[in-house]
Every structure is written in C-alpha cells, then in structure tokens.
Amino acid sequence: MTKLPYIQLKKFLHRKQHSIGISFDFNSKLIATVKKLPNVLWSVKHRIWYVNDTIENLKLIYIYFEDKAIINDSKYLKDKHTPRTLTDSQKTLLNNFFKYLRGKRYSKSTLDCYVTYIADFIDYHTAIPIENLTNRDVELYIETIYIKRKYSISTQRQFISALKLFIVFEPSTQIDGLELVRPYRSRKLPIVLSQEEIITLITRAKNLKHRVIIALLYSAGLRISELINLKIKNININRRQILIKNSKGRKDRYVSLAESILPLLQNYLMTYRPDLYIVEGKPSVQYTSSSVRKFLKKYAFQGQITTRVTPHILRHSYATHLIENGVGLRHIQELLGHSKPETTMIYTHVARKDLLEIKSPLDHAIDQFKKSHNAEQKFLLSGK
C-alpha cells in the first residue's frame with residue numbers, strides 16, 4: 001500500500017485577510033489537486049498555497065484531499081477559531097433555541113455548551129437551509145470535525161444530546177432523532193492522588209486562601225463549580241456541615257465539614273473577611289476556576305507530584321479514600337451527589353485493596369524455589 005503524502009494547514013494573515021495556508025513537499029499530484037480548489041492562490045512571499053479562512057473552504061480542503069494526502073491541521077487548530085458567518089435568521093433561530101432550553105431549566109453551563117454546539121453545526125452547513133438538513137449532514141459533520149480533529153467521545157456525546165433537543169425545538173429538519181446514536185462513553189479509571197500527595201499539596205500552599213480551597217475541595221469532595229458558588233451562610237461550623245445548593249441536576253445536598261479544617265477555616269475567615277462567597281476574587285465576586293487550576297498545577301510541580309492535579313482529581317481522591325476507609329457506596333453516592341449508583345461504582349475499581357493484595361504467582365514460585373534449595377541462597381531477579 002502506497003504511503004500518502006502529508007500536507008500542513010496553518011492560519012496566517014495575508015494582505016490583511018485571514019487565510020488557510022496549504023503547504024507540502026513538491027508533489028505533482030498534490031499540486032494538481034490544490035489547483036482545483038475554488039479561489040485558491042499562490043503566495044510568492046510566503047511560498048504557500050492559500051484560500052480565505054472560512055468553514056466552507058476548510059471543508060473543501062478535507063473533501064478534495066481525501067484519500068490523496070494525510071492532513072496535519074494541528075497548527076491551524078491551535079489558532080483562534082474562524083468567526084461564525086451566521087445569517088440574521090440563523091441568529092434568531094439560535095436565540096429562540098437558547099430561550100427554549102432556558103425554559104426547560106437547564107443550567108447555564110449546559111445552555112452555553114448546547115447552543116455553541118448547534119451554532120457551530122449550523123455555521124458549518126450555512127449554505128444548506130435548516131429544513132433540508134439530514135442525518136447524512138450530521139454524519140459528515142462528525143466525520144470532518146469531530147473525528148479528524150480528534151475531539152473526545154464525551155464532546156461528541158454532548159453534541160448529539162444538543163442536536164436531539166434542537167430537532168424537537170425545530171421539527172422542520174429532515175434529521176431523524178431515533179437514528180442519532182451517542183458513541184459509547186470511554187470507561188477510563190479516575191486518576192487518584194495518594195493521601196501523602198494530598199498533604200504535600202496542602203503544605204506547599206503558603207497562601208492562606210489557596211490552602212483553604214485545596215482543603216475544602218478534597219475534604220468535602222466538592223466540584224469546582226460547587227466551591228466557587230459556595231456562600232458563607234451555607235457553612236454551619238457548629239454542626240460541621242456544608243449545604244451545597246442547586247448543584248448538578250438542580251439538587252441540594254449536605255456534606256461534612258472536616259474537623260481538621262476548622263482552625264484553618266476560622267483563621268481564613270478572620271483574615272480575609274469575605275462578604276458573600278466563601279472564596280472571592282474581589283468583594284462579593286466569585287473566585288475563578290481558572291485561578292484554582294493554575295495554582296494547583298504550580299503546587300503540584302513544587303511538591304514533585306508527577307500526576308496532573310485538577311479540582312476534579314481531588315474529588316476522585318476523596319471518593320476513593322472513603323472507600324478504602326470502609327465507607328459504604330450508598331453513603332458515598334449521597335456525599336458526591338450522584339444520581340446513579342453506577343457512577344459511584346467506578347471508584348471501587350481503583351480502591352480494590354482485596355485484589356491488589358493478592359500475591360502474584362511469580363512471588364509464590366520464587367518462595368517455593370527458595371524453600372526447595374539452600375535456605376541461605378539468595379535469589380534475585382536482578383541478579384545474573
């Protein structure tokens with residue numbers, strides 16, 4: 001089988017016009033193919049073929065070079081995405097879709113995600129009237145955007161979920177919702193820090209506010225959104241409880257406030273005197289999740305923790321350590337705010353002490369070898 005040549009896509013500014021550059025080593029077949037692209041030009045200055053930077057032109061590049069070359073678009077995708085070119089009627093449709101979802105009482109993050117997914121889909125097919133869109137258009141969009149750009153399965157699943165809602169809202173399309181299948185979610189085991197690494201992370205945080213944030217995320221198993229939305233009035237120090245209001249799935253729940261965190265928390269409250277939220281950037285203004293991720297990365301590096309540390313990994317660690325300490329799954333499900341026990345069950349695959357403590361047959365074989373030979377003889381796998 002003949003190896004396909006590579007072409008490189010990159011975004012650059014040419015004569016004050018945003019353009020997609022198409023470069024490759026000399027190849028007469030690729031030159032003949034690139035010349036077929038509508039409105040393609042050759043830049044003498046940059047020594048590169050180029051077209052205007054639009055979604056339609058990007059789609060044509062994928063179509064024209066299919067089975068002719070391997071497209072490396074990593075440099076292009078690192079740059080800012082091309083602005084959408086939606087018509088006024090399309091913008092009105094998306095605005096009404098936003099109102100429709102808001103009426104269904106979806107959370108703000110879900111609203112923003114779903115409307116963005118549909119806006120990108122409509123922009124990609126901007127030349128096709130809404131009523132003419134079919135399942136094949138959805139497949140082509142996924143193949144061209146999600147597969148070739150190596151988007152995650154969870155992102156693709158969210159897009160399908162958004163699309164299912166959109167075709168209910170706008171039934172004029174030819175898209176059959178029953179045929180829209182979400183790909184199976186990857187069953188990856190959660191990454192977990194050791195308890196020693198948790199302590200290292202906390203002690204590395206010399207900033208009092210940062211230390212409180214890390215301690216709260218881990219000790220209560222909070223989502224990052226729950227932490228930045230947590231109000232002072234919802235912390236009951238006397239009862240050692242935290243009330244999580246309107247969390248994922250619009251659910252309230254109580255979690256325990258660790259006794260060991262109380263002196264730290266009281267010191268923090270006396271020092272910073274926050275107005276409304278337990279952690280604030282400015283008075284009565286929520287702290288940002290990006291700031292939390294940034295200092296977690298810094299302290300992990302300082303503590304020589306090789307695992308990538310994020311707020312959600314602290315939550316994973318909390319759940320896993322609870323299981324290892326003998327807390328039942330039903331209680332952990334309630335503490336984490338999971339709707340289904342299956343979601344909580346994944347932590348049992350990480351915290352299986354009973355399986356991890358099973359002795360390897362290689363260890364048994366070496367023990368038997370030592371017993372059957374000279375008791376004084378040492379057997380080392382690393383020996384010659």
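The values are calculated or read from the model by the stated rules, or taken from the named source; none is laboratory data. On a predicted model such as this, the values are computed, not experimentally measured, just so you know. Using ideal geometry, Cβ is built from the backbone for each residue, glycine included, and neighbour counts are taken over all protein chains shown.
Would you pick out the residues in the range 116-144 that are over 21 Å from Leu178 (Cα atoms), among the hydrophobic types (A, V, I, L, M, F, W, C) and not in a loop (DSSP other than H, G, I, E, B)? Steps first, answer last, please.
Here is the first cut: in the range 116-144, the ones over 21 Å from Leu178 (Cα atoms) are 116, 119-120, 123-129, 144.
With among the hydrophobic types (A, V, I, L, M, F, W, C) added as a condition, the list becomes 119, 127-128.
Matches in the range 116-144: Ala119 only.
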Would you confirm whether any residue within the range 31-43 is modelled with pLDDT under 85 and more than 15 Å from Lys148 (Cα to Cα)? no
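On the given criteria, is Ser172 at pLDDT 90 or above, of a type in the set (S, T, N, Q) and within 30 Å of Asn135 (Cβ to Cβ)?
Working: at pLDDT 90 or above: yes; of a type in the set (S, T, N, Q): yes; within 30 Å of Asn135 (Cβ to Cβ): yes.
Spelling it out, Ser172 is indeed at pLDDT 90 or above, of a type in the set (S, T, N, Q) and within 30 Å of Asn135 (Cβ to Cβ).
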Output the qualifying pairs, or none if there are none: Cβ atoms under 7 angstrom, residues six or more apart or on different chains, first residue in the range 230-244 and farther than 13 Å from Tyr277 by Cβ and in the same structural domain as Val212 (by TED's automatic domain parsing), second residue hydrophobic (A, V, I, L, M, F, W, C) and exposed (fewer than 14 other Cβ atoms within 10 Å of the Cβ). Ile237/Leu262
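Does the range 230-249 hold any residues that are part of a loop (DSSP other than H, G, I, E, B) and over 20 Å from the mean Cα position of the chain (by Cα), and which are they? Step through it out loud before you land on a result.
Just the residues of the range 230-249 that are part of a loop (DSSP other than H, G, I, E, B), to begin with: 230, 237-240, 248-249.
Within the range 230-249, Leu230, Ile237, Asn238, Arg239, Arg240 qualify.
Assess whether Glu197 counts as being assigned to a helix (DSSP H, G or I), of a type in the set (Asp, Glu), out of contact with any Phe, Trp or Tyr (no Cβ under 6 Å at 6 or more places or on another chain) and in contact (Cβ under 8 Å) with a residue 40 or more places away in the chain. If you could, list the steps in order and put the result at the bottom.
On the way: assigned to a helix (DSSP H, G or I): yes; of a type in the set (Asp, Glu): yes; out of contact with any Phe, Trp or Tyr (no Cβ under 6 Å at 6 or more places or on another chain): yes; in contact (Cβ under 8 Å) with a residue 40 or more places away in the chain: yes.
So Glu197 passes the test.
Could you tell me which residue of the range 24-57 is farthest from Tyr76 (Cα to Cα), considering only residues that are in a strand (DSSP E or B) and in contact with a His (Cβ under 8 Å, 6 or more places away or on another chain)? Let's see the steps before the verdict.
Applying the first criterion (in a strand (DSSP E or B)) to the range 24-57 yields 41-43, 48-52.
This time we only want the ones that are in contact with a His (Cβ under 8 Å, 6 or more places away or on another chain), so: 43, 50, 52.
Values: Ser43: 18, Tyr50: 13, Asn52: 13 Å.
Checking each candidate, the answer is Ser43.
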Filter the range 31-72 down to the residues that are loosely packed, with under 12 Cβ neighbours inside 10 Å and more than 30 Å from the chain's Cα centre (by Cα) and list them by number. Ala32, Lys35, Lys36, Pro38, Asn39, Val44, Lys45, Arg47, Asp67
Any chance the range 39-54 includes a residue that's touching a residue at least 24 places away in the same chain (Cβ under 8 Å), of a type in the set (Val, Ile, Thr) and closer than 30 Å to Pro171 by Cβ? yes
From Thr92, Thr85, which residue is at pLDDT 90 or above and out of contact with any Pro (no Cβ under 7 Å at 6 or more places or on another chain)? Thr92
Keeping to the range 89-114, report how many residues are surrounded by 13 or more Cβ atoms within 10 Å (Cβ to Cβ), touching a residue at least 24 places away in the same chain (Cβ under 8 Å) and in a helix (DSSP H, G or I). 8
Checking the structure you have, find out if any residue of the range 318-339 is loosely packed, with under 14 Cβ neighbours inside 10 Å, under 21 Å from the mean Cα position of the chain (by Cα), outside any helix (DSSP H, G or I) and in the same structural domain as Ala258 (by TED's automatic domain parsing). yes
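Could you list all residues from the range 167-181 that are over 23 Å from the mean Cα position of the chain (by Cα) and not polar (S, T, N, Q)?
Kept after step one, since they are over 23 Å from the mean Cα position of the chain (by Cα), are these residues of the range 167-181: 167-179.
Once the filter is applied, which keeps residues that are over 23 Å from the mean Cα position of the chain (by Cα) and not polar (S, T, N, Q), the range 167-181 yields Ile167, Val168, Phe169, Glu170, Pro171, Ile175, Asp176, Gly177, Leu178, Glu179.
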When the range 126-140 is examined, which residues are found to be touching a residue at least 12 places away in the same chain (Cβ under 8 Å), surrounded by fewer than 19 Cβ atoms within 10 Å (Cβ to Cβ) and closer than 20 Å to Lys59 by Cα? Thr126, Ala127, Ile130, Asn132, Thr134, Asn135, Asp137
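Would you point out which residue out of Thr310, Thr306, Thr320 is in contact with a Lys or Arg (Cβ under 7 Å, 6 or more places away or on another chain) and modelled with pLDDT of 85 or more? It would help to see each step written out before you state the result.
Details: Thr306 fails: in contact with a Lys or Arg (Cβ under 7 Å, 6 or more places away or on another chain); Thr320 fails: in contact with a Lys or Arg (Cβ under 7 Å, 6 or more places away or on another chain).
None of the other options fit; the residue is Thr310.
Inspect the range 68-79 for any residue being of a type in the set (Val, Ile, Thr) and within 20 Å of Gln156 (Cβ to Cβ) and give the result as yes or no.
Applying the first criterion (of a type in the set (Val, Ile, Thr)) to the range 68-79 yields 70-71.
Those still in the list that are within 20 Å of Gln156 (Cβ to Cβ) too: 71.
Within the range 68-79, one or more residues are of a type in the set (Val, Ile, Thr) and within 20 Å of Gln156 (Cβ to Cβ).
Out of Leu314, Leu262, report the one residue that is over 27 Å from Ser339 (Cα atoms), among the aliphatic types (A, V, I, L, M) and out of contact with any strand residue (DSSP E or B) (no Cβ under 9 Å at 6 or more places or on another chain). Break it down into steps so the answer makes sense when it comes.
Details: Leu314 fails: over 27 Å from Ser339 (Cα atoms).
Checking each option against the conditions leaves just Leu262.
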Quick check: anything in the range 178-190 hydrophobic (A, V, I, L, M, F, W, C), surrounded by 14 or more Cβ atoms within 10 Å (Cβ to Cβ) and under 30 Å from Asp123 (Cα atoms)? yes
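Can you spot a residue in the range 354-375 that is within 28 Å of Ile213 (Cβ to Cβ), surrounded by 13 or more Cβ atoms within 10 Å (Cβ to Cβ) and modelled with pLDDT under 85? Walk me through how you get there before you give the answer.
First, the residues of the range 354-375 that are within 28 Å of Ile213 (Cβ to Cβ): none.
No; the residues of the range 354-375 include none that is within 28 Å of Ile213 (Cβ to Cβ), surrounded by 13 or more Cβ atoms within 10 Å (Cβ to Cβ) and modelled with pLDDT under 85.
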